[in-house]
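The values are calculated or read from the model by the stated rules, or taken from the named source; none is laboratory data. Everything numeric in this text was worked out from a predicted model, so none of it was measured. FYI the Cβ positions are ideal-geometry reconstructions off the backbone, even for glycines, and counts take in every protein chain you see.
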Amino acid sequence: MLSFDEYVMPRTLHEALEAVERLPSNGKVIAGATDVVPYAREGRGGDVHYPVVVDLSRVAEFQGYTIADGRVRLNANVVFQAFLEDDVLREHLPCMPSCAIWFADDQVREQATLAGNIANASPAADGMPPLLAMNADVELARLEGGAIRHRTVPIAEFVRGPGANAMETGELISAVTCESMQGYGGSFQKVGQRRSLVISKVSAVALVKTSASGDRFEDVRLALGGIGPVPVRLRDIEDMLRGQPITRQIVAEASIRPADRVASRSRVEYRRRVVRGFVEAAIEDALVACGAPIPNDVQREAVHV
């Protein structure tokens, strides 16, 4: 059971930062609360009590998104369900719909924020590999002398290990910005015992843009999650594929190399086998999603969401 003495619901970013400055060390900041509420139940955390809870769900500056100069700004309260329902986000972030469909169920997706997902810094966080592949930055806000100040941290530097991130005392994530991937095909793969409501053992994301003729890789973005303490960008594999003809052979070769990146302490061989299959499947699904004429030797049925 979850209980608290004081529940604070700020309406502006300034109010939210003031509340965080006053927050005791054993207080709690929430947005969707999709982690803390399930934790406060019998069999997990049990009775969980906080003296103060700061709920960020009504902060005006945290709502919505904007697109400008080739980048997408996702304010802190954008939820996973938006990546399924918003046609503009689907177009500019083509790997996020398949990420979202794997993320829990409809009710959780309506509450769970992308910012909260990365703030937890879980090695299995579904939102991390796509953001890594899209060269995302995390915008952090704090108060200095009563004025709001911002700083930006690349997503690759934001997560420092399991449960550890670059946020300092008094800071909040105000937005996540990433490159628009309009014109790319996107794919997200995740292993688990069922389609959703499962923590990733391994996840993989691919973003692919083909040449005008559709027979070469113009650009490729690849990232893996769940294989070690932090997600991994496969830049050497991207470089290997970029500019090359699209063939079964080169896709298969690209899928073999990343298995060596597995740094998890458990089920290492299992994860290596999964990585090989997932990288191949992610590239192939992203190719199909491009809508380009794909050679027969790499065609496979994509999962459409």
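Please find, among 242, 149, the residue that is more than 29 Å from residue 75 (Cβ to Cβ), charged (D, E, K, R), surrounded by fewer than 16 Cβ atoms within 10 Å (Cβ to Cβ) and modelled with pLDDT of 90 or more. Walk me through it before giving the result.
Values: 149 fails: more than 29 Å from residue 75 (Cβ to Cβ).
When all the criteria are applied, what remains is 242.
Return the residues of the stretch 255-298 that are β-branched (Val, Ile, Thr), at pLDDT below 80 and under 22 Å from residue 94 (Cα atoms); say none if nothing qualifies. Give the derivation first.
From the stretch 255-298, those β-branched (Val, Ile, Thr) are 256, 262, 268, 274-275, 279, 283, 288, 294, 298; that's our starting set.
Keeping just the survivors that are at pLDDT below 80 gives 262, 268, 294, 298.
Matches in the stretch 255-298: 294, 298.
Residue check: is residue 63 in contact with a Lys or Arg (Cβ under 8 Å, 6 or more places away or on another chain) and among the polar types (S, T, N, Q)? Reasoning before the result, please.
Values: in contact with a Lys or Arg (Cβ under 8 Å, 6 or more places away or on another chain): no; among the polar types (S, T, N, Q): yes.
Judged against the criteria, residue 63 is not a match.
For the stretch 107-138, enumerate the residues that are free of Cβ contacts under 8 Å to residues at least 60 places away in the same chain and more than 21 Å from residue 189 (Cβ to Cβ).
Answer for the stretch 107-138, where residues must be free of Cβ contacts under 8 Å to residues at least 60 places away in the same chain and more than 21 Å from residue 189 (Cβ to Cβ): 107, 110, 119, 121, 137, 138.
For the stretch 79-94, check the following and say yes or no: at least one residue is assigned to a strand (DSSP E or B), hydrophobic (A, V, I, L, M, F, W, C) and at negative phi.
Going through the stretch 79-94, the residues assigned to a strand (DSSP E or B) turn out to be 79.
When the remaining residues are screened for being hydrophobic (A, V, I, L, M, F, W, C), the result is 79.
Filter once more, so that each one left must be at negative phi: 79.
Among the residues of the stretch 79-94, at least one is assigned to a strand (DSSP E or B), hydrophobic (A, V, I, L, M, F, W, C) and at negative phi, which makes the answer yes.
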